[in-house]
Amino acid sequence: MNGPSVSVVFVCHDGAGRVLLARRAAGARDEPGTWDCGAGALEFGETFEAAVAREVREEYRAEALEVETAGVRNVLRPGSHWVAVVFRVRVDPAAVAIGEPHKFDRLDWFTPDALPTPQHSQLAPTLALAR
């Protein structure tokens, strides 16, 4: 059995109360059709901040303008164990575009009181930590 993997999870926001969410495409690793924030695996030798900046560029084609650590989650799911380091990341809404169409088929901005459904199983606890 392998040990846990480390991921960076990022809740992108516009600095004015809205969060950016992506709808997982049919080719997504899990839970296609659900809305989620961004995430990616930490690569060997990479700092958390470098991983966040890289993943935001890859997934959303935007630069991470402000990166703030929100906390850590232990994510146990059937067949996987992730240590998720969660960040709040400000991005420029005008710069955002889908960077990985095989993973996401839609991006949109939402206020915390009007989130879309269905949601990825890990979105609610991540947003609760990032608030």
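Each reported figure results from applying straightforward, stated rules to the coordinates on display, with no laboratory input. What you are looking at is a predicted structure, and each value in this text was computed from that prediction instead of being measured. Here the Cβ positions follow ideal geometry from the backbone for every residue, glycine too, while neighbour counts run over all protein chains shown.
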dims of the range 49-117, Cα set, principal axes, largest to smallest, nearest Å -> 36, 29, 28
What does the extension gain come out to for Phe44 and Leu129, with contour length at 0.36 nm per residue minus their alpha carbon separation? 28.0 nm
For the chain, one quarter of the surface area of the C-alpha convex hull, expressed in nm², comes to 7.6
Value of [θ]222 nm, deg cm²/dmol, for the chain, DSSP H segments ≥ 4, -39500 (n - 2.57) each, nearest 500: -5000 deg cm²/dmol
Note, ³J(HN,Hα) from phi for the range 45-62, Karplus 6.51, -1.76, 1.60, rounded to Hz, x at Gly and Pro: x, 8, 6, 4, 5, 5, 5, 4, 4, 5, 5, 4, 4, 5, 7, 10, 6, 10
Per-residue Cβ neighbour rank within 10 angstrom, fewest leading, Trp109, Trp35, Trp82: Trp109, Trp82, Trp35
At Arg29 and Gln119, where each label point lies 7 Å from the Cα along Cα→Cβ, what is the point-to-point distance in nanometres? 2.1
Quick one: Kirkwood hydrodynamic radius for the range 1-74, alpha-carbon pairs, angstrom, one decimal? 13.6
